[in-house]
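Peer 1: Could you have a look at this structure, given as C-alpha cells, before my questions?
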Amino acid sequence: MAESNRQIVLEQLPQGAKLGAEHFRMAEAGIPRPGEGEVLVRTRYISLDAANRAWMQGATYRAALSSGQVMAGGALAEVVESNDGRLKPGDLVFADTGWQDYAVLPAKRLAKLPALEPVTHLMSVYGIAGLTAYFGLLECGKPKAGETVVVSAAAGSVGSIVGQIAKIKGCRVIGVAGGAEKGRWLVEELGFDAALDYKAGGLRQQMKEAVPEGIDVYFDNTGGEIFETCLFAMKNFGRIACCGAVSQYDGAPPPHGPRGIPGLIVTKRLTLKGFVVMDFAEQNDKALADLQGWVASGQLKVQEDILEGLESLPRR
Ligand SMILES: NC(=O)c1ccc[n+]([C@@H]2O[C@H](COP(=O)([O-])OP(=O)(O)OC[C@H]3O[C@@H](n4cnc5c(N)ncnc54)[C@H](OP(=O)(O)O)[C@@H]3O)[C@@H](O)[C@H]2O)c1
C-alpha cells in the first residue's frame, strides 16, 4: 500500500468559463481508516464522464460540487480493508471515490462486481455508459425494427452503444458527431447507416437528406442546436429519450432554448422522456446479460480511452 493518498482537488469552480487544468490542483493526504461497517478501497480506474462537468453547474441528481473538495467521480476500486462481512480485500466494486488513490465508504453502498476480463469493461459497456444506452434507448425510445433512430454525441461512450443496440434491434441508425473521422468510424467500424457532421455546418440540410422520411426515435445527448434540428425532423408520434445536454455543460448557458417547444411537441404528438440510469437499477441483471451476449457475439464493439496514472488527469 502506498504511503499517502494523492488527491485531485477542484480548486475553483469554472463559473461559466471553459474548464481547464487551472481549476484543479494535486494534493496529498493521509490514507483514511475504515470505521465500523466501512471499507477502505483503492481506485484502479476513475471514470471521466461528461456528467463530471455538469455537476459543477449546480445540484443535479447529486449535490452540486464546491471549490476545495476532492473532485467527485465514480471509480472501479479494489477493497483493501473491510469492516463488513459482505466484502473482503481484493473484491472489485464500483464506488463514488472521487479523484484520489484511496477512499473510505460505507459497505452498504457498495456491491461486489463479477470477475471479468478486461476489467475496464465493468466501467464502460457493463457500467454507466452501457446501461444508460440500453435503458435510455429501449425503455424511453422504445424503437421497433424498421424505424429510424438518430443519436447525438454518437461517437461518445453512450452514443456509440446506443447506435449499435439500435442496429441490433433492426433499426436504421444515423449518428451525429463532430468531424469526418468520427463519422467514418461510426459507419465503417460500428455499422451505423450514416453519420452527420454537426461541425461542418448545414445540419438541417444534412438531416433532411439523411432522413427524408423523418425520425422515429431521437436519443438526445447534447440538447441545443442538434436537439432543435431533430425536433423539426421528428415524425408524428416520435419519441425523444432525453439523456443529457453535453453542448451546454462547458461554458456560459445558451442565450435561448431550442425553438419548436412546445408547439412541435403538440402538433407532432411527441413523447419526450428524461431519465437517469439509476431509475432502472432493478433491471440491471437483464440488461447486463443482453450486453454481455452482444459483446460475446461481436455484435457490440467496445471502444475505451484509457489514461495511465493519476498524474495524467488535468491539474496545475
Ligand atoms: N441520464 C443518465 O443517466 C446519463 C448517464 C450517463 C451519461 N449521460 C449523458 O450522456 C451524454 C453523453 O455522455 P458520454 O459519457 O457518452 O460522453 P462522452 O463519451 O464524454 O462524449 C461526449 C461527446 O459529446 C460531444 N460534444 C461535446 N460538446 C458538444 C457540443 N457542444 N455539441 C455537440 N456535441 C458535443 C463530443 O463529441 P463530438 O466530437 O462528436 O463533438 C464528445 O466527445 C452526456 O450528456 C451525459 O451527461 C446521462
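The values are calculated or read from the model by the stated rules, or taken from the named source; none is laboratory data. No experiment lies behind these values; they were computed from the predicted model shown. Note that we place each Cβ from the backbone using ideal geometry, even for glycine, and neighbour counts take in every protein chain shown. For accessibility, only protein heavy atoms count, side chains too; no ligands or nucleic acids. Shrake-Rupley method; radii C 1.70, N 1.55, O 1.52, S 1.80 Å.
Peer 1: Take the residues of segment 289-310 that are more than 16 Å from the ligand (Cβ to nearest atom) and touching a residue at least 12 places away in the same chain (Cβ under 8 Å): which is most open to solvent (accessible area, probe 1.4 Å)? So that I can check it myself, show each step before the final result.
Peer 2: We begin by selecting, within segment 289-310, every residue more than 16 Å from the ligand (Cβ to nearest atom); these are 289-290, 292-299, 308-310.
If we keep only those that are touching a residue at least 12 places away in the same chain (Cβ under 8 Å) as well, we get 290, 292, 294-295, 299, 310.
Details: D290: 39, Q292: 75, W294: 28, V295: 37, Q299: 97, L310: 18 Å².
This residue is Q299.
Peer 1: I'd like the full set of residues that are touching a residue at least 12 places away in the same chain (Cβ under 8 Å) and within 16 Å of the ligand (Cβ to nearest atom), limited to segment 268-287.
Peer 2: Within segment 268-287, the subset touching a residue at least 12 places away in the same chain (Cβ under 8 Å) is 268-280, 283-284, 287.
Correct list: L272, K273, G274, F275, V276, V277, M278, D279, F280, Q283, N284, A287.
Peer 1: For segment 158-172, what are the residues that are under 19 Å from the mean Cα position of the chain (by Cα) and either more than 14 Å from the ligand (Cβ to nearest atom) or in contact (Cβ under 8 Å) with a residue 40 or more places away in the chain (or both)? Before you say what the answer is, go through the steps one by one.
Peer 2: First, pick out the residues of segment 158-172 that are under 19 Å from the mean Cα position of the chain (by Cα): 158-166.
Within segment 158-172, V158, G159, S160, I161, V162, Q164, I165, A166 meet the criteria.
Peer 1: What residue, of A75, A21, A64, A95, is over 17 Å from the mean Cα position of the chain (by Cα), of a type in the set (G, A, S) and closer than 25 Å to S4 by Cα? Lay out the reasoning, then the answer.
Peer 2: Working: A75 fails: over 17 Å from the mean Cα position of the chain (by Cα); A64 fails: closer than 25 Å to S4 by Cα; A95 fails: over 17 Å from the mean Cα position of the chain (by Cα).
Only one candidate qualifies: A21.
Peer 1: I need a count of the residues in segment 75-95 that are part of a loop (DSSP other than H, G, I, E, B) and either polar (S, T, N, Q) or closer than 15 Å to V9 by Cα (or both).
Peer 2: Of segment 75-95, the ones part of a loop (DSSP other than H, G, I, E, B) are 83-91.
Filter once more, keeping what is either polar (S, T, N, Q) or closer than 15 Å to V9 by Cα (or both): 83.
Count: 1.
Peer 1: Name every residue in segment 44-74 that is of a type in the set (S, T, Y), more than 12 Å from L10 (Cβ to Cβ) and open to solvent by 20 Å² or more (accessible area, probe 1.4 Å), in order of residue number. Don't jump to the end; show me each part of the working.
Peer 2: Residues of segment 44-74 that are of a type in the set (S, T, Y), as a first pass: 45, 47, 60-61, 66-67.
This time we only want the ones that are more than 12 Å from L10 (Cβ to Cβ), so: 45, 47, 60-61.
Answer for segment 44-74, where residues must be of a type in the set (S, T, Y), more than 12 Å from L10 (Cβ to Cβ) and open to solvent by 20 Å² or more (accessible area, probe 1.4 Å): Y45, T60, Y61.
Peer 1: A follow-up question, please. What single numbered condition from (1) closer than 18 Å to A129 by Cα; (2) β-branched (V, I, T); (3) out of contact with any Gly (no Cβ under 9 Å at 6 or more places or on another chain) fails to hold for V246?
Peer 2: (3)
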